[in-house]
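The values are calculated or read from the model by the stated rules, or taken from the named source; none is laboratory data. Because the structure is a prediction, the values reported are computed rather than measured. Cβ sites come from the backbone with ideal geometry, for glycine too, and all protein chains shown count toward neighbours. Accessible surface is based on the protein model in full, side chains and every heavy atom, while ligands, DNA and RNA are left aside. Shrake-Rupley method; radii C 1.70, N 1.55, O 1.52, S 1.80 Å.
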Protein chains: 2
Amino acid sequence: MSYAKLDAHCRALGALEHALSILGTDEATNMAPGGGEERAEAMATLSGMYHRQATDGHVRDWIETAKTEVLEPQQKIALGELERSYINMTCLPSDFVERKMRTSMRSEQLWRSARPNGDWQAFAPALEGVVSMMREEAAMRAEVLGLAPYDALMEQFDPGNRTAQITPVFTELKAFLVDFLPAALAAQEERLAKRPLKALSGDYPVERQKALGIEMMKAVGFDMNHGSLSISDHPFCGGVPSDVRMTTRYRTDEFLSALMGILHETGHGLYEQNLPKDWAHWPSGKARGMSIHESQSLFVEKQIGRNPAFWNFALPLVDTHLQENWTMEDLLPHVHLIKRGKIRVDADEVTYPLHVILRYEIEQELLAGTLEVKELPEAWDAKMQASLGISTLDDPKNGPMQDVHWPSGSFGYFPSYTLGALMAAQQWAAIARINPEVERQIAEGDFSQVNEWRRDNIWSKASTASTPDILRQATGEDLNPAYFIAHLQARYGQ
Amino acid sequence: MSYAKLDAHCRALGALEHALSILGTDEATNMAPGGGEERAEAMATLSGMYHRQATDGHVRDWIETAKTEVLEPQQKIALGELERSYINMTCLPSDFVERKMRTSMRSEQLWRSARPNGDWQAFAPALEGVVSMMREEAAMRAEVLGLAPYDALMEQFDPGNRTAQITPVFTELKAFLVDFLPAALAAQEERLAKRPLKALSGDYPVERQKALGIEMMKAVGFDMNHGSLSISDHPFCGGVPSDVRMTTRYRTDEFLSALMGILHETGHGLYEQNLPKDWAHWPSGKARGMSIHESQSLFVEKQIGRNPAFWNFALPLVDTHLQENWTMEDLLPHVHLIKRGKIRVDADEVTYPLHVILRYEIEQELLAGTLEVKELPEAWDAKMQASLGISTLDDPKNGPMQDVHWPSGSFGYFPSYTLGALMAAQQWAAIARINPEVERQIAEGDFSQVNEWRRDNIWSKASTASTPDILRQATGEDLNPAYFIAHLQARYGQ
């Protein structure tokens, strides 16, 4: 039976994915400095092997034959998603995939060495190589999928997402934020003039922060039997659903950034841990894509973790672990602090979308060839000035060199962050509509009902529908920026 | 050109080996407890994939054609070793390899859960399954290789090792030790009566022990740019030559066991790090086998690390890191302490070979079917009583349940430990013959010449000759227990 052959095929691919995922996590957390070259070589070879197996001609035959077999509804959905994934993967020949892996890993390594000194001249040629490669890739994908090149790239990260829907939403959001940000900053200044920020004690040992973080992870539902928390330079959530590898980084003079980072990654981890286990090796059993993934992390970090109600539960834990003795009035101004800045990953929820929309606009121009890498510092600066009133012209390290995405060959990925923020607000509103007690529950540290909704409407759906369809089925409507805008107005307005 | 095809073939296999090796290390050091089942599944699938690729029929054709091509001498050796490895691997069908991986991983997991309570009844059926599978395997290997079944198993671990050579050596060694052990214990008792063991302070924080360990690793030549030291329940040296993963475990009431463990694993690590890099992906560029590997670890641990000369260099470092204030007369009796015990891994260099010879004898009987698993506790006890004067009948946890080897399907591996000890003594004697200054150099912390000999004669040879041939080329003679016996007499005699 062809369906059974496809099941074995998915299991073999699953093993390679498992290996690549753990090797990637290991590279960031445990690899010896001199091990990078061999690791890059091994991962490139395994990726090529994965790609060759995934795109083998037999698979198409098996899919076609399986369509004629008697299948359960879930099997039909799995088959459809496998076909979608197969078509996406057969856009690119194996040798291109290996070349891309090598080019982007080397460019990423160069980025790591050039970034600390902001050495744009050393880095730019590598980025040019990546951009030229990405133009090739976008063209190949567009051809096969019958999509515009940028949509064809986004399709990998969020099936069903299209600039035609996203650009108007981003345009509305940007227009709102450019007006709202100065007003919100002024309101904050007024509040802080009346009651200045309470200084942090500035002595937070890593071990205590870790214990606090793990208690929070468990409280919001993370299963420590199927995951762990360690340290890396750039926090991420990797590993596999049965063993989710979360990482964070700590500063000892401050605790909120690590704690919020942990809550963020916990959101990703909850999604992974609660995917349907029986379908783990089929594409339909995997997380839907980047923007829904980000909606899950931002749901925990922003909708829960920065909700004043949450801090009724969380503040006593902070006191216990870090020996602080804070009131809500001391803490919330820290949790809700907003400011203009150059760095996306340090941005708050008001300014963050402006960083993302800038990248969304620029990467479309880079791919279209209406902008070249050598013009990037000026283009970046102009947009930063227009939306955030900040110049980065003399500081490429904190301008176009700040992110790993482009050097590592991820184009079409950035919008997911802000789409995730919008979806998280829309999901929260859907929950609050049917469960008016949600804030009281969270204030008591009871996350069972909020997680039940997410399990039923997001986690268990995995990749059984497109990104816009999952959002629509869960919340009853298409992507609507009004919820996020209302959320910001309520939390940061006057 | 077929040789070029084989080069690409070896590179693909190298990537899978890299993945399996890092996944194995990760399992022992970083995996979440609930991640075991998926990991076992992924590793079994990858092993099957490795085996299918390694044993593909094309490989035989390429090897045959490559033999007719114009090759450099090193390429001819590489081709010969690849053929040897190919024949060893084609002894077993892919489905048997996957079944073995699953059976042994599950049996190992059962062993891990049953061992703490010494639950022999729960564990024995799993071991019976493994033994029956190993009889199948030995028969299949023997058939193809034209060797006796046990020799065919040893051939995987140490090409060229045969019971015909080893049994007489072990018989001589066992006869010597059964007499020597009581005499050495009596001599020790006499010394300790005159000058009792100085008690340890018993307060050795893990971080300080780790710093001391890393300083020792670097001193004897370990490259920290291509390796690291972490913690696991069972110390091992894993990873890949470009990123050697050493582990140890610490007790805070005692420091010598961790330090000696680190020196031992450093010996393994030095071998891996100094293999010829250009041949890393070919079988001829890999470490020769288990007994030469063990000769390298025991060389560092016993020939160097327990040599009084070494402690002239090492003692001040212990003082610095652990704030001890010991003299050589305080320390050496700890370093050279011998005693009878049930546990192989806790044994000293005098008693260790008796533990190994016991297993060598028993596993041959298990495979031949002259002993069954249900008779194992009695057989073990009888041999322990005869050679070490200890009974394990009421303590299976510390009897036949103590080692991971059999539950994980490693038969024919145990002799390597003692063969390694014999070879290390033989290598040390060869060095001392041509370099009478070796002890003075070591006393000064200068390991350059001793490492140069090892690089030239062992490390750089990798798998370019059989185990007995490498020993013979390096030391000028066949395996000779006289060096090890003389070493024990000099260090532990009256």
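Some points to look at:
- Considering region B:240-249, the residues that are assigned to a loop (DSSP other than H, G, I, E, B) and at pLDDT 95 or above include one that is farthest from B:G305 (Cα to Cα), namely B:S242.
- Highlighted here are the helices (runs of 4 or more DSSP H) found entirely within region A:120-239 that include at least 1 residues which are within 30 Å of A:E329 (Cβ to Cβ) and free of Cβ contacts under 8 Å to residues at least 60 places away in the same chain: A:163-194, A:206-219.
- Of the set (1) open to solvent by 20 Å² or more (accessible area, probe 1.4 Å); (2) touching a helix residue (DSSP H, G or I) at 6+ places or on another chain (Cβ under 8 Å); (3) not basic (K, R), all apply to B:E452 but (2).
- Within region B:407-449, the set of residues being open to solvent by 10 Å² or more (accessible area, probe 1.4 Å), in contact (Cβ under 8 Å) with a residue 24 or more places away in the chain and either part of a helix (DSSP H, G or I) or touching a strand residue (DSSP E or B) at 6+ places or on another chain (Cβ under 6 Å) (or both) comprises B:Y417, B:A421, B:W428, B:A429, B:E439, B:R440, B:A443.
- Residues located in region A:31-51, provided they are among the polar types (S, T, N, Q) and more than 7 Å from chain B (Cβ to nearest Cβ): A:S47
- Of the residues making up region B:207-223, those that are open to solvent by less than 50 Å² (accessible area, probe 1.4 Å) and either in contact with a Lys or Arg (Cβ under 6 Å, 6 or more places away or on another chain) or away from chain A (no Cβ under 13 Å) (or both) are B:Q209, B:A211, B:L212, B:G213, B:M216, B:A219, B:V220, B:G221.
- Restricting A:D61, A:D26, A:D95, A:D56 to those that are buried (at least 17 other Cβ atoms within 10 Å of the Cβ) and charged (D, E, K, R) reduces the list to A:D26.
- Selection from region A:75-101 of residues that are under 17 Å from A:G409 (Cα atoms) and of a type in the set (S, T, Y): A:S94
A quick yes/no check of all residues on (1) within 30 Å of B:N88 (Cα to Cα); (2) in contact with a Gly (Cβ under 7 Å, 6 or more places away or on another chain); (3) exposed (fewer than 14 other Cβ atoms within 10 Å of the Cβ):
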site: B:F157; (1), (2), (3): yes, yes, no
site: B:G160; (1), (2), (3): yes, no, no
site: B:I166; (1), (2), (3): yes, no, no
site: B:T171; (1), (2), (3): yes, no, yes
site: B:K174; (1), (2), (3): no, no, no
site: B:V178; (1), (2), (3): no, no, no
site: B:L181; (1), (2), (3): no, no, no
site: B:L185; (1), (2), (3): no, no, no
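- When A:I87, A:I77, A:I22 are checked against the criterion of being at pLDDT below 95 and either farther than 28 Å from A:G146 by Cα or away from every other protein chain (no Cβ under 14 Å) (or both), a single residue qualifies: A:I87.
- A:P196 fulfils the conditions (1) away from every other protein chain (no Cβ under 14 Å); (2) over 22 Å from A:G305 (Cβ atoms); (3) open to solvent by less than 50 Å² (accessible area, probe 1.4 Å) except for a single criterion, (3).
- Residue in region A:377-385 that is at negative phi, at pLDDT 95 or above, of a type in the set (S, T, N, Q) and open to solvent by less than 50 Å² (accessible area, probe 1.4 Å) present: no
- Restricting A:L259, A:L270 to residues that are under 21 Å from A:K210 (Cα atoms), open to solvent by less than 20 Å² (accessible area, probe 1.4 Å) and without any contact (Cβ under 8 Å) to a residue 60 or more places away in the chain narrows the list to A:L259.
- Condition check for B:G289: crowded, with 16+ Cβ neighbours inside 10 Å and either within 14 Å of chain A (Cβ to nearest Cβ) or closer than 30 Å to B:Y86 by Cα (or both): yes
- Boolean, B:I390 is more than 17 Å from B:F176 (Cβ to Cβ), under 17 Å from the mean Cα position of the chain (by Cα) and assigned to a loop (DSSP other than H, G, I, E, B): no
- Residue match in region B:64-72 (condition: touching a residue at least 40 places away in the same chain (Cβ under 8 Å), surrounded by 15 or more Cβ atoms within 10 Å (Cβ to Cβ) and of a type outside the set (A, V, I, L, M)): no
- Search result, residues across region A:225-234 that are open to solvent by 50 Å² or more (accessible area, probe 1.4 Å) and either more than 14 Å from every other protein chain (Cβ to nearest Cβ) or hydrophobic (A, V, I, L, M, F, W, C) (or both): A:I231, A:D233, A:H234
- The combined condition, being open to solvent by 60 Å² or more (accessible area, probe 1.4 Å), touching a Gly at 6+ places or on another chain (Cβ under 9 Å), assigned to a helix (DSSP H, G or I) and within 19 Å of A:Q402 (Cβ to Cβ), is fulfilled by A:Q109.
- Sub-7 Å Cβ pairs linking a first residue in region B:350-372 that is of a type in the set (D, E) to a second residue that is crowded, with 20+ Cβ neighbours inside 10 Å, at least 6 apart or interchain, are B:E363/B:F411; B:E363/B:F414, ordered by first then second residue.
- Within region A:235-255, the set of residues being of a type outside the set (K, R) and either within 14 Å of chain B (Cβ to nearest Cβ) or open to solvent by less than 20 Å² (accessible area, probe 1.4 Å) (or both) comprises A:C237, A:G238, A:G239, A:V240, A:P241, A:S242, A:D243, A:V244, A:M246, A:T247, A:T248, A:F255.
- Some residue of region A:352-367 being part of a loop (DSSP other than H, G, I, E, B) and open to solvent by less than 30 Å² (accessible area, probe 1.4 Å): no
- Pair list, Cβ under 6 Å, 6 or more apart: region A:274-285 residue within 13 Å of chain B (Cβ to nearest Cβ), other residue open to solvent by 20 Å² or more (accessible area, probe 1.4 Å) and among the charged types (D, E, K, R): A:H281/A:R11
- Where B:S85 falls short, out of the listed (1) closer than 30 Å to B:M1 by Cβ; (2) open to solvent by 40 Å² or more (accessible area, probe 1.4 Å): (2)
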